Amino acid sequence: MPEGDSYTYAAHRMRPVLVGSRIESVDGSSPAVRRRSGQMIGAEITDIRTAGKHLLIDLDSGLSIHIHLGMTGAVRVCAAGARPAGRGGLRLSLSTERGTVEVMSAPTVEVDRRSVLARGLKHLGPDLLAAEFDQDRFELLASRFAGERTVSDFLLDQRVMTGIGNVYKSEVLFLESTRPGRLMATIDRDSRLALAQRARRLMQPNARRPGRSTTGRPGGELWVYGRAERPCRRCRTAIVEGWIGDPPRITYWCPACQPETPRGA
């Protein structure tokens, strides 16, 4: 499931093939790509940026390409001379003298003026994987979050901070010993900041490598996500799954390590 680390890693893989090169060919089923392909061919790619779960490819013409991978989208990178994997689900293909990048099954592939796309992303909160996390802005936005909503909703709300999806939501709450159904009225300022800091620490290493691990061990090992009815890695209690939040999203937690009532309360 693509989350902020997936986008940052994809951008890292794409840059050697695209940045500093001119687009030689364009393909894909996205209506925006078909409409703008003539304006894209011959343009130089100047930068590839991420904003949480959004990927932006900037051209020297002033156009940018905005990609959101949704639940099932993926990015393929092929060196020059390598054969692309195939056309099924192809939403965007960009080829340069150095290779080809394909975006598969992404629900959003837009091409527009950079300023227009920037306005569409203005609602996003601070990026957890930015070089410097904007803590002041995060605290302001977090302080306005509705107290009657759950902490699970809080972590997934891209208007507060951007980059977290269902996997990191469950993993962060486990490591912060927080039950996913707790209301934000019960989460104080220091605890809100601790959630953001934990998410940033978990995501940073995974943004530089394939796969995803939150335990510090290799092999894609996670603490709770996807481990329903299996023993907790800490206390051996069976992991629980449920649908939490508004709208409900799949969530995993340990009933013992994440008690209903916070320890010390």
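The values are calculated or read from the model by the stated rules, or taken from the named source; none is laboratory data. Since we're looking at a predicted model, the values are computed, not measured. Here Cβ is always computed from backbone atoms with ideal geometry, including for glycine, and neighbour counts include all displayed protein chains. These area figures cover heavy atoms from the full protein model, side chains too; ligands, DNA and RNA do not enter into them. Shrake-Rupley method; radii C 1.70, N 1.55, O 1.52, S 1.80 Å.
Quick notes on this structure:
- Alpha-carbon spread of the range 1-135, three principal axes, descending order, Å: 44, 29, 26
- Fully extended contour minus Cα-Cα distance, from ALA238 to VAL116, at 0.36 nm per residue: 39.1 nm
- Per-q log10 I(q)/I(0), the chain, q = 0.07 Å⁻¹ (Debye; single scatterer per alpha-carbon; no solvent): -0.28
- When each of the peptides 249-259, 186-196 is scored by the mean number of other C-beta atoms lying within 10 Å of its residues, the order from highest to lowest reads 249-259, 186-196.
- The accessible surface of the range 65-172, taken with every protein chain in place and a 1.4 Å probe, is 49 percent carbon and sulfur.
- The range 23-125 - charge dipole about Cα centre, Lys and Arg +1 at Cβ, Asp and Glu -1, debye rounded to 20: 360 debye
- Centre-to-centre separation between the Cα atoms of the range 76-137 and those of the range 32-67: 8 Å.
- The Rg/Rh ratio of the range 140-265, with both radii computed over alpha carbons and Rh defined as the Kirkwood radius, is 0.94.
- Residue-normalised accessible area of the range 70-134, given per residue in Å² at a 1.4 Å probe: 53 Å²
- Point-to-point label distance, ARG15-ASP246, nm (Cα→Cβ direction, 7 Å offset): 4.2 nm
- In the chain, taking the dipole from charged Cβ atoms about the Cα centre, the farthest positive-side position among LEU140, GLY216, VAL33 is held by GLY216.
- Probe 1.4 Å - accessible area at THR72, Å² to nearest ten: 100 Å²
- You can think of it this way: the chain between ARG230 and SER177 has 17.3 nm of extra reach, that is 0.36 nm per residue less the Cα-Cα gap.
- Applying the criteria of a DSSP loop state and at most 16 other Cβ atoms within 10 Å to the trypsin sites (Lys or Arg not before Pro) of the range 104-144 yields LYS122, ARG144.
- By the Stokes-Einstein formula, at 0.692 mPa s and 37 °C, the range 101-197 with its Kirkwood radius over alpha-carbon pairs has D equal to 222 µm²/s.
- Taking Cα centre as origin and charging only the Cβ of basic (Lys, Arg, +1) and acidic (Asp, Glu, -1) residues, the dipole magnitude of the chain rounds to 460 debye.
- Here the relative contact order of the range 1-160, from alpha carbon pairs under 8 Å that lie six or more residues apart, stands at 23 percent.
- Sorted largest first, extent of the range 14-73 alpha carbons per principal axis (Å): 31, 24, 19
- Linear extension gain, GLU139 paired with SER105, 0.36 nm per residue minus alpha-carbon span: 8.7 nm
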